[in-house]
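One structure is given below, encoded as structure tokens.
The values are calculated or read from the model by the stated rules, or taken from the named source; none is laboratory data. Just so it is clear, the structure is predicted and the values come from calculations on it, not from any experiment. We place every Cβ from the backbone using ideal geometry, glycine too, and count neighbours over all the protein chains shown. Only protein heavy atoms, including side chains, enter the accessible area calculation; ligands, DNA and RNA are left aside. Shrake-Rupley method; radii C 1.70, N 1.55, O 1.52, S 1.80 Å.
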Amino acid sequence: MKNSKVNLSGKHQRISMMSRHYIRNEIYFSEEINEALLRKVRLHLPNLSDFDLLDDRAVFISPVLLGQPMLECEDLSPSEKVEIIGKYLKIIKEFEGLPIFIQINLIRPENFYLVDGELMHRGVLIIEDYVFDYPITMHHLRLGISNVLLEFIGKDVSLFNFRVYFRGLPDRDDITTFEDIEEDIKKIYIKDLFIEEAFKPEEVERP
């Protein structure tokens, strides 16, 4: 795990390595972030070891995942990538009841690790100050998903239709839920069901 990505601080939070095994995430109360909201967020965070409320902040303790960052996974087959895309969407779908400015931080690629072949969210809520500078909408959430999955897909020619879909996702105003995206992905997958099959001419039996 690269520790440089978790030593963050800002107006709203402070993230640090509590030890080699745990991440300490302190989120300070504000007009936008209150005790009730952080209690709700707690219920949606997988892999959370501890949660505590203090006078001015909430403290989340998350274990360090001993795995490989999602975007650093190499040598994955097209079908494996499609499976991970599906798991990614399933995980972030659980965040749908939270405010968009929370969701947009929970879907960040730094939070996703492949552990023993299973995609997992490390349970760290990252609050970047910029999300309070202007209204965050579903467009920005779709953009965040698009950026993550386009980088994950890379230049894999077998996943061309997936790449086209996620490139156009930010401007799809008809997509308002994660379920909409999942349904579209199913259609693309069915269309490209044999994405790993090389074309093989039929053998003709000789008389």
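Scan region 166-189 for residues that are more than 14 Å from Gly86 (Cα to Cα) and assigned to a helix (DSSP H, G or I) and report the count. So that I can check it myself, show each step before the final result.
If we filter region 166-189 for residues that are more than 14 Å from Gly86 (Cα to Cα), which is where we start, we get 167-177.
Filter again for assigned to a helix (DSSP H, G or I), leaving 167-171.
Result for region 166-189: 5.
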Discussion item. When you scan region 21-28, do you find a residue that is without any contact (Cβ under 8 Å) to a residue 12 or more places away in the chain and not β-branched (Val, Ile, Thr), even just one?
Written reply: no
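Looking at region 11-35, which of its residues are outside any strand (DSSP E or B), aliphatic (A, V, I, L, M) and either more than 23 Å from Glu94 (Cβ to Cβ) or open to solvent by 70 Å² or more (accessible area, probe 1.4 Å) (or both)? If you could, list the steps in order and put the result at the bottom.
Initial filter on region 11-35 (outside any strand (DSSP E or B)): 11-12, 18-21, 29-35.
Still in the list and also aliphatic (A, V, I, L, M): 18, 33.
Answer for region 11-35, where residues must be outside any strand (DSSP E or B), aliphatic (A, V, I, L, M) and either more than 23 Å from Glu94 (Cβ to Cβ) or open to solvent by 70 Å² or more (accessible area, probe 1.4 Å) (or both): just Met18.
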Fill in: Filter result (under 22 Å from Thr176 (Cα atoms) and not β-branched (Val, Ile, Thr)) within region 74-100
Gly86, Lys87, Tyr88, Leu89, Lys90, Lys93, Glu94, Phe95, Glu96, Gly97, Leu98, Pro99
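Among Pro78, Pro109, Pro99, which is of a type outside the set (Phe, Trp, Tyr), over 10 Å from the mean Cα position of the chain (by Cα) and within 25 Å of Glu26 (Cα to Cα)? Even if it seems obvious, please write down each step before you answer.
Numbers: Pro78 fails: within 25 Å of Glu26 (Cα to Cα); Pro109 fails: over 10 Å from the mean Cα position of the chain (by Cα).
Just a single option satisfies the conditions, and that option is Pro99.
Output the number of residues of region 140-157 satisfying the condition of being more than 21 Å from Pro69 (Cβ to Cβ), crowded, with 18+ Cβ neighbours inside 10 Å and not hydrophobic (A, V, I, L, M, F, W, C).
Within region 140-157, the first condition is being more than 21 Å from Pro69 (Cβ to Cβ), and the residues that meet it are 140-142, 157.
Imposing the further condition that a residue be crowded, with 18+ Cβ neighbours inside 10 Å reduces the set to 141-142.
When the remaining residues are screened for being not hydrophobic (A, V, I, L, M, F, W, C), the result is 142.
Qualifying residue count, region 140-157: 1.
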Item to complete: Taking only region 81-93 into account, find how many residues are open to solvent by 40 Å² or more (accessible area, probe 1.4 Å) and within 11 Å of the chain's Cα centre (by Cα).
Response: 3
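Is it the case that Val148 is touching a residue at least 24 places away in the same chain (Cβ under 8 Å), within 26 Å of Arg24 (Cβ to Cβ) and not in a helix (DSSP H, G or I)? Give the steps one after another, and end with the answer.
Working: touching a residue at least 24 places away in the same chain (Cβ under 8 Å): yes; within 26 Å of Arg24 (Cβ to Cβ): yes; not in a helix (DSSP H, G or I): no.
So Val148 does not fit the description; no.
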Worksheet item: Gly97 fails exactly one of the following numbered conditions: (1) under 26 Å from Pro135 (Cβ atoms); (2) surrounded by 13 or more Cβ atoms within 10 Å (Cβ to Cβ). What is the number of that condition?
Response: (2)
